[in-house]
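These notes concern the structure reproduced below.
The values are calculated or read from the model by the stated rules, or taken from the named source; none is laboratory data. Since this is a predicted model, take the numbers as computed values, not measurements. A quick note on method: Cβ atoms are made from the backbone with ideal geometry, for glycine too, and the neighbour counts reach across all protein chains shown.
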Amino acid sequence: MNQIDLKDKVAIVTGGVQGFGLAVVERFLNSGANVVIWENDKKLLDEFQTISNVHKIQTDVSNAESVEAAVNETTKKCDRIDILVNNAGIAGPNHKTWEYPNDDWQKVIDIDLTGVFYCCKYVVPQMIKNNYGRIVNVASIAGKEGNPNAMPYSAAKAGVIAITKSLGKELADKNIAVNCITPAAAKTRIFDQISQEHIDYMLSKIPRNRFLKVEELASMVAWLVSEENSYTTSAVFDLSGGRATY
């Protein structure tokens with residue numbers, strides 16, 4: 001494992017109690033960061049074993065007031081915010097676009113897209129104040145290629161890529177980097193939300209013929225949020241196992 005220096009950095013990881021988010025939290029802790037987990041599921045948050053250098057805040061990223069309150073609580077606990085990883089998300093059910101339930105569409109968009117907007121909106125002023133920040137948005141290869149029977153998820157993740165590119169340009173004159181990653185699927189609990197047919201479809205599109213490991217994602221994120229990443233911003237980093245075509 002490459003050693004990434006995040007000593008004493010304050011990092012927010014949304015959805016940090018499972019899957020990609022948990023792998024990122026563990027990697028950040030091993031790199032010396034102080035981590036604040038934002039998670040909406042109280043049961044999962046309560047079950048998460050308290051570790052030194054970890055704070056937990058129940059946060060609904062799809063609710064502006066909840067995000068603003070979480071920022072205030074984070075800065076009270078930790079004085080500042082250096083790193084934000086927008087990881088929280090849901091897959092939504094699998095349906096053809098014309099059969100997709102309106103309520104499910106809205107829920108996916110609210111969490112996967114609007115949630116990223118709210119977190120950036122309320123965290124960025126803290127980074128501007130300190131003239132330092134690293135933001136990584138977790139998009140998806142679906143946002144570049146569009147998965148059938150997963151239109152809301154694909155649309156939301158495409159929007160996350162666009163947020164990354166716009167925000168990175170807005171902050172380019174500051175010591176703040178904004179990048180996103182577009183991972184292929186990994187075997188996390190998000191698989192519980194989608195059909196086996198869709199899981200098989202996703203695997204069939206990956207030239208490496210295996211799913212992404214959460215540790216592989218955490219490794220890339222750790223470098224992207226480090227001080228070493230002092231130039232790259234508004235960029236999209238693929239973790240697609242060869243699936244990405246552009």
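Where residues in segment 120-171 are among the aromatic types (Phe, Trp, Tyr) and without any contact (Cβ under 8 Å) to a residue 60 or more places away in the chain, which of them is nearest to residue 70 (Cα to Cα)?
Step by step, filter segment 120-171, then rank; the result is 122.
Checking the condition at pLDDT 85 or above, under 13 Å from residue 147 (Cβ atoms) and under 14 Å from the mean Cα position of the chain (by Cα), which residue from 184, 222 passes? It would help to see each step written out before you state the result.
On the way: 222 fails: under 13 Å from residue 147 (Cβ atoms).
184 is the lone residue from the list that is at pLDDT 85 or above, under 13 Å from residue 147 (Cβ atoms) and under 14 Å from the mean Cα position of the chain (by Cα).
Return the residue satisfying two criteria in turn: it lies in segment 61-107 and is closer than 20 Å to residue 146 by Cα and under 14 Å from the mean Cα position of the chain (by Cα), and of such residues it is surrounded by the fewest Cβ atoms within 10 Å (Cβ to Cβ).
So the residue we want is 90.
Name every residue in segment 69-124 that is modelled with pLDDT under 95, over 20 Å from residue 23 (Cβ atoms) and aliphatic (A, V, I, L, M), in order of residue number.
Within segment 69-124, no residue meets the criteria.
Of all residues being in contact with a helix residue (DSSP H, G or I) (Cβ under 8 Å, 6 or more places away or on another chain) and acidic (Asp, Glu) in segment 101-144, which is nearest to residue 236 (Cα to Cα)? Just the residue, please.
112
Assuming residue 217 fulfils every condition listed in (1) touching a helix residue (DSSP H, G or I) at 6+ places or on another chain (Cβ under 6 Å); (2) assigned to a strand (DSSP E or B) apart from one, which condition is it?
(2)
Looking only at segment 143-176, which residues are basic (Lys, Arg) and part of a helix (DSSP H, G or I)?
144, 157, 165, 169
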